[in-house]
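Report on one structure; see the data block that follows.
The values are calculated or read from the model by the stated rules, or taken from the named source; none is laboratory data. Quick caveat, the model's predicted, so the values are computed rather than measured. All Cβ positions, glycine included, derive from the backbone under ideal geometry; neighbour counts span all protein chains shown. Note: accessible area is taken over every heavy atom of the protein model, side chains too, but ligands, DNA and RNA are not part of it. Shrake-Rupley method; radii C 1.70, N 1.55, O 1.52, S 1.80 Å.
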Amino acid sequence: AGAKDKTINVTDSYKGTLGTVTATDSTPYATASFEYDRTESGKAGTCTIYDNTAKITETNQSASQSVKLCVGANLKVEKTAIPAFTRLYLWDISKAVDKTSITQVSGSAVFNYTVIVNQTGITDSAWKVTGKITVTNPNDWESIVANVTDALDTGACTVVGGSNVTIPAGKSVVLDYTCASADSAATKNTATATWDKATS
């Protein structure tokens, strides 16, 4: 009697040829297992689906599996910074008159006054920096919860709503901040976003 498909060839859409299997005429019937590894790097900020199909060439039977690899990308932080301060202008005023006393029998008297105003200087205070911090989540499959802070070398900063802020997938969140400084010295202003990378 003729034999059909007694020996089959097993292929894989990724690996190529896996091997052959030859059937038996009695139990235990033939069985085979083919194993291999697949390494993929994915794409930062998104999920990539990798399809994989194994096939028996002779019978055209197939079995498929798909895996999804999501690679996280770091949040992106941008900011604006607008410096400002209060300037107080200092002044001095004096007044003089050409004579302080006149004695006469009748008639009118003329007094000549001089008012002098001098600027004596300036006083600067209440230095501050205000602006907006934009935190962007480049990941298109998950939101990320982050803490957003701002720091000034010579002062203290406050970020409105910066604690446990949710940045939706593929979206940005804009937060206002204010920093108060004790002096006018040049300083560095840094915005920072921190999050649990293991969780996200």
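Residues that are open to solvent by 50 Å² or more (accessible area, probe 1.4 Å), among the β-branched types (Val, Ile, Thr) and assigned to a strand (DSSP E or B) do occur in the stretch 146-160.
Would you please name the residue that is farthest from Thr7 (Cα to Cα), looking only at residues in the stretch 79-88 that are within 20 Å of the chain's Cα centre (by Cα) and free of Cβ contacts under 8 Å to residues at least 60 places away in the same chain? Talk me through it step by step, then tell me what you get.
Narrowing the stretch 79-88 to residues within 20 Å of the chain's Cα centre (by Cα): 79-82.
Adding the requirement that they be free of Cβ contacts under 8 Å to residues at least 60 places away in the same chain leaves 80, 82.
Details: Thr80: 70, Ile82: 77 Å.
Among residues in the stretch 79-88 that are within 20 Å of the chain's Cα centre (by Cα) and free of Cβ contacts under 8 Å to residues at least 60 places away in the same chain, the one farthest from Thr7 (Cα to Cα) is Ile82.
Filtered by the rule that a residue be in a loop (DSSP other than H, G, I, E, B), open to solvent by 50 Å² or more (accessible area, probe 1.4 Å) and in contact (Cβ under 8 Å) with a residue 12 or more places away in the chain, the stretch 18-71 gives Ala32, Phe34, Tyr36, Arg38, Glu40, Ser41, Lys43, Thr57, Glu58, Thr59. With the checklist (1) in contact (Cβ under 8 Å) with a residue 24 or more places away in the chain; (2) open to solvent by less than 80 Å² (accessible area, probe 1.4 Å) in hand, flag the one item Tyr14 doesn't pass. Exception for Tyr14: condition (2). Residues in the stretch 162-188 that are closer than 17 Å to Lys132 by Cα and in contact with an Asp or Glu (Cβ under 7 Å, 6 or more places away or on another chain) were compared, and the one that is surrounded by the fewest Cβ atoms within 10 Å (Cβ to Cβ) is Lys188. Residue pairs whose Cβ atoms lie under 8 Å apart, separated by 6 or more positions or on different chains, with the first residue in the stretch 132-144 and at negative phi and without any contact (Cβ under 8 Å) to a residue 40 or more places away in the chain and the second assigned to a strand (DSSP E or B) and open to solvent by less than 10 Å² (accessible area, probe 1.4 Å), are Ser143/Ile167. Taken over the stretch 81-98, residues that are in a loop (DSSP other than H, G, I, E, B) and open to solvent by 70 Å² or more (accessible area, probe 1.4 Å) amount to 1. The set of residues in the stretch 123-145 that are farther than 26 Å from Ser181 by Cα and either open to solvent by less than 50 Å² (accessible area, probe 1.4 Å) or of a type in the set (A, V, I, L, M) (or both) comprises Thr136, Asn137, Pro138, Asn139, Glu142, Ile144, Val145.
Among the residues of the stretch 177-200, those identified as within 23 Å of Asp124 (Cβ to Cβ), part of a strand (DSSP E or B) and either in contact with a helix residue (DSSP H, G or I) (Cβ under 6 Å, 6 or more places away or on another chain) or of a type in the set (S, T, N, Q) (or both) are Thr178, Ser181, Asn189.
Filtered by the rule that a residue be more than 25 Å from Lys43 (Cα to Cα) and of a type in the set (A, V, I, L, M), the stretch 129-151 gives Val129, Ile133, Val148, Ala151. In the stretch 161-176, which residues are free of Cβ contacts under 8 Å to residues at least 60 places away in the same chain and assigned to a strand (DSSP E or B)? Those that are free of Cβ contacts under 8 Å to residues at least 60 places away in the same chain and assigned to a strand (DSSP E or B): Val165, Thr166, Ser172, Val173, Val174, Leu175, Asp176.
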